[in-house]
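Only the coordinates and a few stated rules stand behind these numbers; no lab work does. Since the structure is predicted, the reported quantities are computational estimates derived from the model, not experimental observations. We place every Cβ from the backbone using ideal geometry, glycine too, and count neighbours over all the protein chains shown.
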Amino acid sequence: MNRRRFLSVVPAGLLAAAMGSDITPREAQAAAEQTPNAQPIPVTNDERIAELIAANHILADLGVLDGFGHVSVRSATNSKHYFMARSVASAAVAQADILEFDEDSKPVDARSHELYGERFIHGEIYRLRPDVQSVVHSHTAAVLPFGLTEVPLKALIHTAFFLGTEPAPVFDMRKAVGPENHMLVVDTTSGAALARILGDRSVVLMRGHGMAVAAPSIRDAVFRAIYTRENAEVEMEALKLGNPVFMSQFEVTRFDRATRQWNEWVAEAEARRSGR
Ligand SMILES: [Zn+2]
C-alpha cells in the first residue's frame, strides 16, 4: 500500500497515535469534516455536555439504554479525560449528574455520587482509540444472538453502513478474565481487553451482555447505537426467510450525513420532557 492510499484509509486519530501525538478537539473536528459520514463535534465542554445529556434522553426514550447502559464523551480540554453521568437512569440524566473521569476512569470529583461500575469500557476505548470522541454501552437484546452464535452481524441496511462488510467482533469475558468472571467490565484490565477486540471497528459485541459502540462524535455514537440495533433486528428477521444479501464494500463507504435525524431526535426528547 502506498503512502497516499495508507493516509486515505487510516482514521486521523489512529494516525496521530501512530505518530506519537494526541489529537486535539480542533484536529478531530477537521478530520471529521473530511470524513464523508461524520457529524459535527462541539469544541467546548459545555456544548459536549449538552449533547451528552440529550444523547442520554434520546437513547433512553428509544429503548437503546435501559437502567444499566451509559453514554460518554471525550473532554474537549483534556483529551485523556471524559464525561459521563453518575449512576442514574439515562432517561433522567441532568446537568448536575455529569462527572469528569480521568484516563484510569477515576472521577476527578465524585461529589459522593455512586458511579457506573462499567465505566472502564469507555475509559479504555478512549485510551486505545484517539479518534473516538464518544462511546455507548448498551444491553440491547437484539444484538445478543450475534454474540452467542457463529452468525455474524454485518451491514445489511444502509443506515448501518458503519458495521462494514466484516463480522462485528465479539468480546468474550471468559477469554479476558477466565471462567470465573461476572460478565461485567469493571476494571481497566477487562476494559483494555474489550478495547483490543474492538480494534479499529465501530461496534464490539459482548457475549451474553450487550455491545459497545465507538464513534468520532456523540451524534455518530447515538446514530450507530440506534441503527446497530435496527440492523440486528432486520438481520434476525431476514435469516428466518433465507440468506440475507449483505452490503458490499462499495455500498458501506457511500452514505450521506445524518444531522437531520439528530435534530429530530433532540426535538422529540425535549418535547417529551416538557410535556411531563
Ligand atoms: Zn453492561
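Just how many % of Cα pairs in the stretch 45-180 lie over 25 Å apart, if you round to the nearest whole percent?
Values: 2882 of 9180 pairs.
For the stretch 45-180, the fraction of Cα-Cα distances above 25 Å is 31 percent.
What does the charge add up to near ILE121, with Lys and Arg as +1, Asp and Glu as -1, over the other residues with Cβ less than 13 Å from its Cβ?
Working: positive: ARG119, ARG127, ARG129, ARG196; negative: GLU118, GLU124, ASP187.
Local net charge: +1.
How many angstrom lie between the Cα centre of the stretch 135-158 and the Cα centre of the stretch 204-246?
5 Å
What are the ³J(HN,Hα) values, in whole Hz, obtained from phi via the Karplus relation 6.51 cos²θ - 1.76 cosθ + 1.60 with θ = phi - 60°, for each residue of the stretch 177-188 in sequence order, with x given for Gly and Pro?
Going residue by residue, I get 10, x, x, 8, 10, 10, 6, 10, 8, 10, 7, 5 Hz, with x marking Gly and Pro.
With a cap of 10 neighbouring Cβ atoms within 10 Å, and only residues DSSP puts in a loop, list the GluC sites (Glu not before Pro) found in the stretch 72-118. Spell out each step's value before the answer.
Numbers: sites: GLU100, GLU103, GLU114, GLU118; in loops: GLU103, GLU114, GLU118.
The qualifying sites are GLU114.
Would you work out if the stretch 138-276 is rounded, prolate or oblate? Take a ≥ b ≥ c from the square roots of the eigenvalues of the alpha-carbon gyration tensor; rounded if a/c is under 1.5, else prolate when a/b is larger than b/c, oblate otherwise. If you can, show how the numbers build up before the last one.
On the way: a/c = 1.72, a/b = 1.22, b/c = 1.40.
Oblate, because a/c is 1.5 or more while a/b does not exceed b/c.
Under 14 Å from the Cβ of VAL245, count the other residues' Cβ atoms, weight Lys and Arg +1, Asp and Glu -1, and hand me the total. Write down the numbers at each step before the final one.
On the way: positive: LYS154; negative: GLU235, GLU237, GLU251.
With Lys, Arg at +1 and Asp, Glu at -1, the neighbours total -2.
Let's test the formula: R0 of 35 Å, r as the Cβ-Cβ distance of HIS182 and ARG254. What FRET efficiency results, to the nearest 0.05?
Working: r = 42 Å, r/R0 = 1.20.
Calculated value: 0.25.
Kindly rank 216-223, 58-65 from highest to lowest mean number of other beta carbons found within 10 Å of each residue. Present the calculation step by step, with values, prior to reporting the outcome.
Values: 216-223: 26.8, 58-65: 21.0.
Listed from highest to lowest mean packing, they are 216-223, 58-65.
Kindly write out, for the stretch 207-223 in residue order, the coupling ³J(HN,Hα) from the Karplus curve 6.51 cos²θ - 1.76 cosθ + 1.60 (θ = phi - 60°), rounded to whole Hz, with x marking Gly and Pro.
Along the stretch 207-223, the couplings run 3, x, 9, x, 8, 10, 10, 10, 8, x, 7, 5, 5, 5, 5, 5, 4 Hz.
Could you give the radius of gyration (one decimal) and Dmax (whole number) of the Cα atoms in the stretch 110-187, in Å?
Final numbers for Rg and Dmax: 15.0, 45 Å.
Enumerate the lysines that LYS154 could reach by cross-link, defined here as Cα to Cα under 21 Å, with residues fewer than 8 away along the same chain left out.
LYS240
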